[in-house]
Every structure is written in structure tokens, then in C-alpha cells.
1. If a residue must be in a helix (DSSP H, G or I) and crowded, with 23+ Cβ neighbours inside 10 Å, how many such residues does region 140-159 contain?
2. Name the pairs: first residue in region 173-185 and outside the structural domain of Ile196 (by TED's automatic domain parsing) and within 19 Å of Lys23 (Cβ to Cβ), second residue of a type in the set (A, V, I, L, M) and surrounded by fewer than 22 Cβ atoms within 10 Å (Cβ to Cβ), Cβ to Cβ under 9 Å, at least 6 apart or on different chains?
3. Which pairs turn up if I take residues in region 223-249 that are assigned by TED's automatic domain parsing to the domain that holds Thr169 and look for partners that are assigned to a strand (DSSP E or B) and among the basic types (Lys, Arg) with beta carbon separation below 7 Å, at least 6 apart in sequence or on another chain?
4. Run Ala65 past the list (1) closer than 27 Å to Gly252 by Cβ; (2) of a type in the set (A, V, I, L, M, F, W, C); (3) touching a residue at least 24 places away in the same chain (Cβ under 8 Å) and report the number of the one that doesn't hold.
5. Please enumerate the residues belonging to region 209-263 that are more than 25 Å from Lys23 (Cα to Cα) and assigned to a strand (DSSP E or B).
6. Might you check whether a residue that is of a type outside the set (D, E, K, R) and part of a strand (DSSP E or B) occurs anywhere in region 48-57?
7. Given (1) within 22 Å of the chain's Cα centre (by Cα); (2) in the same structural domain as Asp42 (by TED's automatic domain parsing), identify the lone condition not met by Asn87.
8. Starting from residues that are touching a residue at least 12 places away in the same chain (Cβ under 8 Å) and under 19 Å from Phe34 (Cβ atoms), keep the ones in region 81-99 and report whichever is surrounded by the fewest Cβ atoms within 10 Å (Cβ to Cβ).
Amino acid sequence: MAHRTVSGLTIFPVKSCCGVDLKKAVLDTKGFKFDRRWMIADSSGRFLTQREYPRLSLIGVKQGADRLTLNAPGMRTLNIPLSLKNNQLMPVVIWNDTVEAMTAGTESAAWISSYLGISSRFFYMPDTSDRPVNPKYAFKREQVHFGDAFPVLLISEASLEDLNSRLQTPLPMNRFRPNIVVAGCAPYEEDTWKRIQIGSTHFQVVKPCDRCAITLVDQSTGIKGQEPLRTLSEYRNVDGKVLFGQNLIHHGDGEVNVGDEVRVLV
């Protein structure tokens, strides 16, 4: 019997910026704690990502207990306090969703506007914001922070190894920005799972992740190339969408640790 384990855990406190690797990640109602609680939006409140601004990949993030610390090339260190209770609530747009979010203040707005070269601001999603996952895949009207669509993304090491065997230059896992990386299974085995258990937490495997241009961005340089979408499209193309990794919905709070067994229930 395969012994599948969690080999990597990553959260992305600011959507489209650098991830933070963890040994233990705690789940709340909308996903992993601190994961994509922050988002950068333009002056109209519409979200910005590496799709349009690959340089976002170069913003380093440290998640503290009371502050978020950001660093970027040519910029001074920025600290954003997490206590935003009195900050203004505004509607922001992410894909087809409009949700209430808190502004992070003028200092951080000036910092990110200077870095990107356009008027932009940081926004934080408070616990009171309502952003349900696609009802087609929901079980109990589950919620998501500022992730694209679902609370958790999982990819196996073996799937990346198979892809890298087809590429001229192997790519690191951070191109695909998963929350959970699994070792000890066959390539694309995660595509066959329907329900899994990690620790005491149950996850539904609800939908393959269709990949976008962010996978083309070298996360260490901010430079966009042609891979891996060119190669993936040759063998992972379904109805015009390139699929790699699986989106999960979790049931209840809990935690996931590196080294935890991944039990396939169905």
C-alpha cells in the first residue's frame, strides 16, 4: 500500500506575492489561516495579479502575529499592522465576485503604487466578508478568502516530476503555488481522489485546477516565459483548459502538518 504523506505546506498571505513555507498550517472556515487574506487592487477596486504584473512575484512576505512585513527590489521594508478594525470597508472585485474588504491605509498604498507604477492599494478580507465557493461544487456553502476559487490547492511531487521529465529545463513547485504537496503517490494520482483525510481533517477533492499565465512567471526573477503551459497543453488539455493539481474543500477547522499521512478515503 502506498504511503502518501504531506511533504510541503505553503500559504500566500498576499494574493500573487511570495509564499510562506510552513511546518504546520491551521485551517479556519475559509481555508488556511492567513492564506490570501490580502489582495492588491487598482483604483477601481479590481484585483491585480501576476497575470498582468509579473513583478508581484518578487514581493517577499513575512507573516507575523501582529503585522505583515513586505520587501521588494528597490523598495524599503513595509510593515502593515493586522489591527485594521477601524479601517474603511470597501467593495472589491475578484473575478466575478464583489466582496467587502478593508483598506490598509495610505502608507501601504503609496508603497505598492510606487512599486507597480499604477495607483493601487492593499485590501484585507475580514471574517465578516461573504465569498462562497462556486455552488456547483459546494456542500454547505463553503467560503474562500481571496484565492481564485477554492480554499486549498493540492499537487503531488510525482506529477511535477512527470512534467519535468518532459521539459528541457525542470521547474520548481512554486510555479504552481499549491498549499499542500504530497509525496508517495503516482503521477496524477490526485486526479482520481474524491475524498481524503489529513490528520483529523477531511477534504473533498472537487475540481482539477485549470492553469493560467501565472505558471509562466519565474517566481525568482519575475520574467515570463512559455513553459510549462506549452508542454502541459500537449497532454493535460481537457476542453481547452490545461489541468494540473486539484482544488479541495475542507470540512471543519483543523491543522495539517508536514509528514502527516494522506489517507485516500474514496
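1. Of the residues in region 140-159, the ones in a helix (DSSP H, G or I) are 157-159.
In the following step, the residues that additionally are crowded, with 23+ Cβ neighbours inside 10 Å were identified as 159.
Qualifying residue count for the region: 1.
2. So the pair list comes out empty.
3. Filtered contacts from region 223-249: Asn247/Lys207.
4. Result: Ala65 fails condition (3) only.
5. If the condition is that a residue be more than 25 Å from Lys23 (Cα to Cα) and assigned to a strand (DSSP E or B), then Asp210, Val217, Lys224, Asn237, Val238, Lys241, Val242, Leu243 are the ones that fit.
6. The answer is no; no qualifying residue exists.
7. (1)
8. Step one: list which residues in region 81-99 are touching a residue at least 12 places away in the same chain (Cβ under 8 Å), which gives 81-84, 87-95, 97, 99.
Add one more test, that the residue is under 19 Å from Phe34 (Cβ atoms), and what stays is 81-84, 87, 92, 94, 99.
Numbers: Pro81: 13, Leu82: 16, Ser83: 8, Leu84: 18, Asn87: 16, Val92: 25, Ile94: 25, Val99: 20.
Going through the qualifying residues, I end up with Ser83.
The values are calculated or read from the model by the stated rules, or taken from the named source; none is laboratory data. Since this is a predicted model, take the numbers as computed values, not measurements. Here the Cβ is made from the backbone with ideal geometry for all residues, glycine too, and neighbour counts use every protein chain on show.
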